[in-house]
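The values are calculated or read from the model by the stated rules, or taken from the named source; none is laboratory data. Since we're looking at a predicted model, the values are computed, not measured. Positions of Cβ are generated from backbone atoms using ideal geometry, with glycine treated the same way; all protein chains shown enter the neighbour counts. What goes into the accessible areas is simple: the full protein's heavy atoms, side chains included, and nothing from ligands, DNA or RNA. Shrake-Rupley method; radii C 1.70, N 1.55, O 1.52, S 1.80 Å.
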Amino acid sequence: MKTLAKKDINKALGIWAQKHALLAPTKMDNGDCIFSAYDEKAFTLDYKKPPLSPKSVFFPHTEVIFDVANNQYKETVTAKKSLIFGLRACDMMGICQASSFMTRDKEDIYYRAKHNTAATIVMACPGAQNETCFCTTTLSGPVAKEGFDLQLYDTGDSFLVEVGSPRGEELLAGIPLSDLDDSRAKVQMDEFKQNAILTMPEVKSVIEAMNMLKDKKVAEKVWDDFGAKCITCGGCAFVCPTCTCFNVYDQQLSEGNGKRLRAWDACLYGGFTREASGHNPRVSQAARLKRRHEHKLLDYSSIDIQQGLCGCVGCGRCSDYCPVHIGTLEVVKAIAG
Amino acid sequence: MVGLAAMFGSGAMTNSINDFDDADLFLVTGSNTTEQHPLIGSRIINAKQRGAQLLIIDPREIPLAKFADLHLRHNIGTDVAVLNGMMNVIIEEGLYDKDFVETRTEGFEQLKEVVSKYPPKVVEKISGVPAADIKKAARMYAKANKAMIAYAMGITQHTTGVDNVKSCANLAMLTGHMGRAAVGVNPLRGQNNVQGACDMGGLPNVYSAYQPVINADAKKKFEEAWKVEGLDDKVGLTITDMMSAAQKGELKALYVMGENPMMSDPDTTHIDQALSNLDFLVVQDIFLTETAQKADVVLPAASFAEKDGTYSNTERRVQLAQKAISPPGEARPDWQIICEISKLCGYPMDYKSPADVLKEINSLTPSYAGITYERLLTNHGLQWPCPNEEHPGTAFLHKDKFTKGLGTFMPCEFKPPAEMPDEEYNFMLTTGRIYYQFHTGTMTRRVSILEREAPEALVEINPDDAKKLGIRNNDQVELTSRRGSIKMKAEITQRVPQNVVFSTFHFNEACVNILTNPAFDPVAKIPEYKGCAVKIRRCA
């Protein structure tokens, strides 16, 4: 197996940046770390879970679907050759699940175009990034099983380099690498993985809640209580790696000129399901929360979840960021009692 | 703000947002907190779940009401009576903080005399709140160890706005809920930088940090700093004054920045006439607002994401915002536009950057002296007063003494709203904002999802009233006041009590401020947006 010396990481990133729009963990002035355009000075390997998953590479917050100029319609499909460096296994699984959903039966050409041209380099996760990580329960980490082009394992002074695709092989061209005996590499990888797993014991309430939902044993009061608290900000959907719902709208610039766009939407908004008559089949915030969590834990497609447990990848961001504590972890705990 | 300044010596939230996590009781009045300050609202909900108590005084059944231990739904504009009633009970039953009153305050005897006229039975007649509930509320608030009052525009936007604020402050001082963590009087500011605009002297009577323009020392200090002579030492006009001066032809020119009076000021038909009467109107904004459409000159400004600078939020925290994208077209940050205009007027301002401007603020504004650009780069903001660069900022005000020394009780008598319902105009209209739209909609009405969530003005009508008037949900109705008439759809809901209707000022298709009363508080000059008389009919 190939290895990459840690001291050569900026050299490698520099080479990748020549041919890709490279996103990498970046330290901001205030100490936060986000995925941002690679900049050698702000780049860091010392990062925790970034606040947002890299889903906007494939599914931008807002994008133009078509333009109309002088009453002539012109489809707009944009994609650039991008490379996401350093994402964790949970986010890799998020990309796998979302891309299955977006391209499986009805191809979303806007998503597909970006997915085809985006390469991924996963940084195998050394363990719980904070107290809300539960990828070991959702079978989506700490190490990615598939979907990546390269996966790196941090072994101290160097990275073990796992190749996941022919594109991954191509990415290694020109990168200064060393060789390590395959069996020794395997021992190191297993040890890395085991150490990481130890930091994240299985969250039993996730499994229990899934079973109770399946057996229809969940009291409506659970949803009523959460519904009373929810402030309808939609933040849980925006930080979720597997949420891909969008709203389509038009901007008219002048007579015969304008564009159609799509933008992130959230099923927690009343208007998401409101019908033209004014009737809303999910009339209360409780009903909307119930639907959202059932979608992740009960009504997921067995194809879309790939090798995972369900439609949640265990990144814990909804629990990290919900201002009133209605993340997946809080919901399963309330269900499981 | 004027009210708190008179009693305490400074007009701002006395405590901090983090304090909401530690308080034992919240008295929320005139604030639809979960919709207008959702993150503070969330903290109140979380606090309820750890066992804190919640007391709400609001005519409307706001979303937070379902968490309330007690909700007093008083008649609109009777806030002073209700708060006096609570103080009456607190004094009668000896529940006030005698030590605090003795050592930290003055004017207790006057307060006692005034509130003695407001026993719960009398207040019940004025406010419609059962006497027993007033007693219960008084005991809850007085007995709590750490009780915070949070209020917003429901307290201030009345002809008795200043009296309402003073009554909140009287209540907090009387019970010793002042000068500690997780207590105090906390006006929640309705815009991200309205506190900063006031702090910087964006008022007709003060320089930055509330240094009065009529004070000769302050005048001299600013004349020296700006190397000019003859700064005006007379108090200028408030917006309310400007509009009537324009109407009379006494005001000739107006320069409006980031404000949309054609939608946001009361009795907009008159505002339209006043603005039309000007010789010259300049509007500086990010979009062509209803007001900008009337302007002689429109100066395109940069949006929040297109400029560097600081905002001072509701808890007196000055925070840095950094530019994310460049302004489109000819748009520029406000400070650059002002510098350019000043230069053309013959007074060159040569600030190089927002950091440069803040340096001047540090040197002239005692409470901002230690809030430097360099410090803000490396933290999440600093709360004033922050008098020097070593100072960590101030989480709560009036710790051992009030800014002005002793806190002064300023008792107020109840006065009804300027325009009460009568036989013809038989409903009280109260106005506000909703969750999905902001103010006059200049920004939010351009966002597709917000527009989907709340695309049009609705008027909330109580089911009993609706039945009497033969109005069904979603019927088109006409609202008429002495000033004008608008049409919108009815939303039949228990959220409003009988004889009260509620609507919002977000929608130019049905601008509710065509109806509102321009009567204003005599001191603060804030108009009575929260109550005017209207009549309603179902459109055929």
Check your understanding: Taking the condition away from chain B (no Cβ under 14 Å), loosely packed, with under 14 Cβ neighbours inside 10 Å and under 18 Å from the mean Cα position of the chain (by Cα), does A:GLU146 pass?
Key -> yes
**Study point:** Residue list for region B:132-161, restricted to those being open to solvent by 10 Å² or more (accessible area, probe 1.4 Å) and in a helix (DSSP H, G or I)
**Key:** B:ALA132, B:ASP133, B:LYS135, B:LYS136, B:ARG139, B:MET140, B:ALA142, B:LYS143, B:MET153, B:GLY154, B:THR156
Review point. For residues in region A:244-261 being at pLDDT 95 or above and open to solvent by less than 20 Å² (accessible area, probe 1.4 Å), which is farthest from the other protein chains (Cβ to nearest Cβ)?
Key: A:THR244
Check your understanding: Out of curiosity, is A:PRO25 free of Cβ contacts under 8 Å to residues at least 60 places away in the same chain, touching a strand residue (DSSP E or B) at 6+ places or on another chain (Cβ under 6 Å) and not assigned by TED's automatic domain parsing to the domain that holds A:GLN252?
Key -> no
Study note, to complete from the structure: Going through region B:62-72 in order, the residues found to be more than 13 Å from chain A (Cβ to nearest Cβ) and surrounded by fewer than 20 Cβ atoms within 10 Å (Cβ to Cβ) are B:ASP69, B:LEU70
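This table checks each residue for (1) open to solvent by less than 30 Å² (accessible area, probe 1.4 Å); (2) without any contact (Cβ under 8 Å) to a residue 40 or more places away in the chain; (3) assigned by TED's automatic domain parsing to the domain that holds A:GLN307.
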residue: A:LYS19; (1), (2), (3): no, no, no
residue: A:ALA79; (1), (2), (3): no, yes, no
residue: A:LEU87; (1), (2), (3): yes, no, no
residue: A:CYS96; (1), (2), (3): yes, no, no
residue: A:PHE101; (1), (2), (3): no, no, no
Check your understanding: In the set A:ALA266, A:ALA287, A:ALA237, A:ALA276, which member is aliphatic (A, V, I, L, M), in contact (Cβ under 8 Å) with a residue 40 or more places away in the chain and within 14 Å of chain B (Cβ to nearest Cβ)?
Key -> A:ALA237
Review point. How many residues does region B:22-39 hold that are open to solvent by 10 Å² or more (accessible area, probe 1.4 Å), in contact with a helix residue (DSSP H, G or I) (Cβ under 6 Å, 6 or more places away or on another chain) and within 12 Å of another protein chain (Cβ to nearest Cβ)?
Key: 1
Study note, to complete from the structure: Within region B:76-113, residues being in a loop (DSSP other than H, G, I, E, B), within 28 Å of B:ALA52 (Cβ to Cβ) and under 27 Å from the mean Cα position of the chain (by Cα) number 2
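Each row is one residue, and each column tells you yes or no for (1) aliphatic (A, V, I, L, M); (2) open to solvent by less than 30 Å² (accessible area, probe 1.4 Å).
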{"position": "B:ILE361", "(1), (2)": "yes, no"}
{"position": "B:TYR368", "(1), (2)": "no, yes"}
{"position": "B:ARG375", "(1), (2)": "no, no"}
{"position": "B:THR378", "(1), (2)": "no, no"}
{"position": "B:GLN383", "(1), (2)": "no, yes"}
{"position": "B:PRO387", "(1), (2)": "no, no"}
{"position": "B:PRO392", "(1), (2)": "no, no"}
{"position": "B:HIS398", "(1), (2)": "no, yes"}
{"position": "B:PRO416", "(1), (2)": "no, no"}
Study note, to complete from the structure: Taking region B:247-286 and keeping only residues that are small (Gly, Ala, Ser), open to solvent by 20 Å² or more (accessible area, probe 1.4 Å) and either at pLDDT 95 or above or more than 24 Å from B:THR431 (Cβ to Cβ) (or both), one is left with B:GLY249, B:ALA253, B:SER276
Check your understanding: Which residues, taken from region B:424-449, are away from chain A (no Cβ under 14 Å), over 14 Å from B:GLN191 (Cβ atoms) and surrounded by fewer than 18 Cβ atoms within 10 Å (Cβ to Cβ)?
Key -> B:GLU424, B:ASN426
Check your understanding: So which residues in region B:512-526 are surrounded by fewer than 24 Cβ atoms within 10 Å (Cβ to Cβ) and touching a helix residue (DSSP H, G or I) at 6+ places or on another chain (Cβ under 9 Å), if there are any at all?
Key -> B:ILE514, B:PRO518, B:PHE520, B:ASP521, B:PRO522, B:VAL523, B:ALA524, B:LYS525, B:ILE526
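Every residue, every condition in (1) more than 30 Å from A:LEU13 (Cα to Cα); (2) of a type in the set (Gly, Ala, Ser); (3) out of contact with any strand residue (DSSP E or B) (no Cβ under 6 Å at 6 or more places or on another chain), yes or no:
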| position | (1), (2), (3) |
| --- | --- |
| A:ARG184 | no, no, yes |
| A:ILE207 | yes, no, yes |
| A:GLY227 | yes, yes, yes |
| A:GLY234 | yes, yes, yes |
